[in-house]
Amino acid sequence: MNNPITCYYSISDYGDKNMLIPMKVDYGVRILVYLASFPHESVVKATEISKNRHIPEKFLFQISNDLIDKKLIKSMRGPNGGYSLARNASDITVADVVESLDKSMAPVACLDDSATCQISGNCAQQNMWSDVEQILITKLEMISIKDLADKEKVVIDAVNLGN
């Protein structure tokens with residue numbers, strides 16, 4: 001399915017401002033949602049994913065390797081090669097993508113490495129940020145790639161009806 005919608009405001013498109021969601025995770029979700037838009041076990045070429053999801057091929061290959069290592073996608077070689085989901089889209093959560101690509105959703109660096117904070121141990125905010133991270137992870141565990149692909153299909157269908 002060709003996606004006629006362009007995502008103008010990606011999670012990672014906000015310049016030099018600190019973002020909660022790393023670009024690597026954003027791209028990983030884009031890859032998986034695109035693969036989920038095809039029938040299960042369909043093989044999709046990397047160039048098609050790159051073009052339709054606005055992911056530079058260099059990053060697509062790097063991210064895909066991590067997704068393959070974590071058994072979220074499969075790679076097929078050869079002239080008809082490409083990528084496919086390794087599991088049902090309903091069995092892959094956004095939290096799985098985060099764990100595969102970034103390992104952390106910490107909104108502040110000190111949660112991952114207290115040495116980065118000059119006031120670590122004396123900071124009233126650290127527990128709050130830890131709670132925020134846990135709430136985010138819990139929410140992402142509830143959202144499957146299938147959920148996102150289904151929502152995207154509704155949006156695409158609505159746009160196509162308007163044309």
Inset, instruction - For residues that are in contact with a strand residue (DSSP E or B) (Cβ under 8 Å, 6 or more places away or on another chain), touching a residue at least 24 places away in the same chain (Cβ under 8 Å) and either small (Gly, Ala, Ser) or at negative phi (or both), tally how many sit in region 38-72. - result: 12
Legend entry - Scan of region 138-163 for residues that are under 20 Å from His40 (Cβ atoms) and among the polar types (S, T, N, Q), ordered by number: Ser144
Legend entry - Residue list for region 75-99, filter: over 22 Å from Asp150 (Cβ atoms) and either hydrophobic (A, V, I, L, M, F, W, C) or modelled with pLDDT of 95 or more (or both): Ser75, Met76, Gly82
Legend entry - Checklist (1) farther than 26 Å from Leu161 by Cβ; (2) over 17 Å from the mean Cα position of the chain (by Cα); (3) at pLDDT below 95 applied to Met1, failing item: (1)
Inset, instruction - Report yes if Asp102 is surrounded by 15 or more Cβ atoms within 10 Å (Cβ to Cβ) and either in contact with a helix residue (DSSP H, G or I) (Cβ under 7 Å, 6 or more places away or on another chain) or under 22 Å from Lys146 (Cβ atoms) (or both), otherwise no. - result: yes
Legend entry - Residue under evaluation Ser50, criteria (1) modelled with pLDDT of 95 or more; (2) surrounded by fewer than 17 Cβ atoms within 10 Å (Cβ to Cβ), criterion not met: (2)
Inset, instruction - Show the residue pairs that are 6+ apart or on different chains and have beta-carbon atoms under 9 Å apart, the first residue being within region 73-94 and of a type in the set (Phe, Trp, Tyr), the second being in a loop (DSSP other than H, G, I, E, B). - result: Tyr83/Val43; Tyr83/Lys45
Inset, instruction - Among the residues of region 37-62, count how many are part of a helix (DSSP H, G or I), among the hydrophobic types (A, V, I, L, M, F, W, C) and farther than 14 Å from Gly82 by Cα. - result: 1
Inset, instruction - Just give me the residues in region 132-147 being without any contact (Cβ under 8 Å) to a residue 60 or more places away in the chain and farther than 17 Å from Leu85 by Cα, in sequence order. - result: Val132, Glu133, Gln134, Ile135, Ile137, Thr138, Lys139, Leu140, Glu141, Met142
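The values are calculated or read from the model by the stated rules, or taken from the named source; none is laboratory data. If you're wondering where the values come from, they're calculated on a predicted model, not measured in any experiment. So basically every Cβ, Gly included, is an ideal-geometry build from the backbone, and we count neighbours across all protein chains shown.
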